[in-house]
Structure formats: structure tokens, C-alpha cells
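All remarks here apply to the structure that follows.
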Amino acid sequence: MSEPGTTDVAVFVPGLHAGGGAEKTALVTAETLARAGLVVSCFTDSTVCRAELREHFGLELAGVDLRALPTPTIPDRLPRSLQDLVRDRAHAKAIRSCAPTLFINMKFRSELPGLGAHSWYYTHFPHRLRVHSRSPLHTAYLRFVTTVRRALLHRGAARFIDTYDLALANSRFTREHVRQRWGLDASVLYPPCADKPAASDTDRDRDRDRTILNVGRFQADGPNIPHKRQDVLIEAFARMPDLIADGWSLHLVGAVGSSPADRAYLDHVRELARGLPVTIHENAPHAVLTELHGRARIYWHAQGYGTDGALHPEAQEHFGISTVEAMAAGIVPIVYATAGPAEVVQDEYDLTWRTPEELAARTRALLDPDRWSRWHSRCQERATEFTTLAFAEHVVQLYLDHCGPLPTTERGRG
């Protein structure tokens, strides 16, 4: 990672090691604007290298500079909100020193202010701006933190989000919650999901393996955690002995964190899978996922199961990149019937479920070759609306509309 210097575009994306859809969206944004001739820097707090990013995401990141954010010394005794304030101030100072023309904040729940001549906030899902007070003393403390944060980070603006020129949302579901929680009209920018879907080959598609695929981070559960519910999928699969006897298998692919809770959850998933034709691909490279995309027939999705989507929208899948990637690869998805994935499959009854029994019924219905082929074609067509190319064209147009013309190609990248 390089030392700070001037940049046209600063992309704020701490936590690249998480390896999920949010991180991919940020990196594709950076790569897109770099290819358009801009000097682009990704600011992250994790130690990463291009080879690892290339292997995991399949991205070259040509022309994108990776810059390490400072790590300020923060006493452990400080309350969490004050620790966040100290960290945000150090990060803001580092990014401001580069004087970016455009600052794009792509971190979930970040409250950094806009730090460029133009600033965009990409909303994975809007957090609540008001913290529930537990006592009069807590109320006074919250007011103090708000006053200090405003004075140090976004003087002149009541809320951090008011310092941004443009709010973006990853789905219509998220846009509606931005309106409800923040009172803003966000523009929908669907994440980059896949390249152009592969050309359909009837014989090859009919010869796909009897494989069910799921892709998602192995993460410990908790209140309002966007949990992928691999445990539910394994239990549902175990209750389908007819499929197992017929040679079907379930493959679970996903990154896993280093926290004890995340590792414990993965151990629990492994225990549930014991004795079943279930394969767990932990921190699998991009090549493994590509290979599975080429032979799986059905994609299962379960995030949101066991929660009330109206009461706990944070726990839902707010878009669902992995679902679209599966569709583009020719796999027919069956998704939990809320939020982003239901939006992606356009709430089609045959492709959504709310109970494990419905998941089993929808899966068995797709065992019919003709039925599967019809959905296969329709899903691939729908996936063309979410390609990386469509995303890149949208990002460049947003830049032209909000920031002005792109530099000439002769200028170079400096």
C-alpha cells in the first residue's frame, strides 16, 4: 500500500478482508473509475494484496491504488462511540489530505462526512441515526458525543449524511428505508454481479450436476445480523432423503471471519453436515466458485429466515449479489421471500419460499427438466440487468452528471 498523495477519487472501504458483496462493489467502483482515466485510491484498514484480491474477487484492479488508513491509539476504557469518533477523525484527516475531487463512502454504518469536492454515500442499508436513550444521564452523554462529532467532523451540518451530494442505494428495498429513516430520495445503483451471462447450451445445461449451491459469509448470528442461515439449509436438505438417494449434493461457499464466534458457527455447520453429501468451501478462491457455477443446477438462499422483515429489515438480504451471479451462470435460484432477492426474482411464486416445507416443494418442482429449462432461460435474461458492464456504465454516467467531464486520455494516471 502506498503513502497518501493527491487523488481524483477516494473510495472508503475498510474491512476488505471480509470478502463479501459490499467489498466487491467498492472495488469494481474503483476499477471502473480508474479505467475511465481517473486517479483512484481505495482506503482500507486491512492488510491486503492485489494477488489475494484477484484470487478472491477475480478483479485486476489496474490503476487502483490501495492505501492503508491510519490506526490511531485509542484507550480501551473509552466508550465505543468515542472510540469511533477518534478513529473517524483520523481517517477523515488522511483522506482529506489527498484533496479528492470525489469521495465515495462505501462502508456499512459509516458516519464519516463527505470529504471531497463531491461526495457520494453508497447505502448497503441505512442505520438508525438516533440511538435509544436508556436514562437521563445517557441522554446527556449522547448529546455530548453528537455535539463533539459535529464540531470535529461536519461543522455546519446537523447530520453526517447532509454533507453528501448524492445518496445511492443498492436496491429499491434499501431506497425505501433510506426515505423512511433519513428522509432522502436515494438513487438505486444495483451492485455489479457478474459478467454477461454465458451463452445457453441446451445439452450442456441439461447435463449439469445434481448440485445445489449456496454462497454467503459464515458469520455468527446475533440481533439484526445479516445471517446467511447455512444451518437452515443443511437441516432442510437433510429432510429430503429422496434427493439425497437420487445423488443430489449441497455445496456451501463462503468467507469466514477470524473471530471465535464465527469459527464456532462454522464448526456448528460442519457438525450439522456430518454424514450428509454436503461440502463446505471455506474461504474458497474465485476459481472454485466459477467451477461450481458451471455445474450446479439450483441455488438456495435463506437470509432473513426466522426474522420479521418489517421489524428487523437489517437482518434481510438487502440485495443479493450471489443470487444474481448464480442466475447469470445458468443456475435457477430459490430465495427467501423478502427484500433484495425477492426483488431480483420479481417475487415469482415458484422461486420464493418462507418455510422449509416450501423450499423443499419448490426444489422438487424444479426436478422436472422442462420446468427447470424454462426458469433457466428466464433467470439468465433477468441477470443481464445486473451485469458488471451495466454497473460500470451507470457509475461513469453518475460521474459525468455530478462531477463533470472525465480527464482526457492523454493526461495519464500520474
Spin-label point model (7 Å from Cα, Cβ direction): what's the T6 to H132 distance in nm?
-> 5.0 nm
In terms of the alpha carbon gyration tensor, root eigenvalues a ≥ b ≥ c, rounded if a/c is under 1.5 and otherwise prolate when a/b exceeds b/c or oblate, the range 314-374 is oblate
List the aspartates and glutamates whose Cα lies under 19 Å from the Cα of K228, skipping any in the same chain that are fewer than 8 positions away.
-> E23, D262, D267, E271, E282, D308, E314, E317, E325, E343, E357, E358
So how tilted is helix 369-383 from the main axis of the chain? Cα-based, degrees 0 to 90, rounded to 10.
-> 10 degrees
How large is the helix-only mean residue ellipticity at 222 nm for the chain, computed as the sum of -39500 (n - 2.57) over DSSP H runs with n ≥ 4, divided by its residue count, in deg cm²/dmol to the nearest 500?
-> -12000 deg cm²/dmol
The range 16-69 to the range 70-118: how many Å between their Cα centroids?
-> 19 Å
Among T6, V324, H312, the residue whose Cα sits farthest towards the positive end of the charge dipole of the chain, when +1 is placed on the Cβ of each Lys and Arg and -1 on the Cβ of each Asp and Glu, is T6
Peptide ranges 179-186, 379-386 listed from the most packed, as the mean C-beta count within 10 angstrom indicates | 379-386, 179-186
Filtering trypsin sites (Lys or Arg not before Pro) in the range 30-98 by DSSP loop and by at most 15 other Cβ atoms within 10 Å leaves R77
Counted charge near Q303, where neighbours are those whose Cβ lies closer than 9 Å (Asp, Glu -1; Lys, Arg +1) = +1
Based on DSSP, what percent of beta bridges with both residues in the range 202-386 are antiparallel, to the nearest 5?
-> 0 percent
Per the C-alpha gyration tensor (a ≥ b ≥ c, the square roots of its eigenvalues), the range 98-198 is rounded if a/c is under 1.5, else prolate if a/b beats b/c, else oblate; here it's oblate
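Every read-out reported here was derived from the displayed coordinates using simple, explicitly stated rules and does not represent laboratory data. Note that the structure is a prediction, hence the values are computed from the model and not measured. Neighbour counts run over all protein chains shown; Cβ positions are idealised from the backbone, glycine included.
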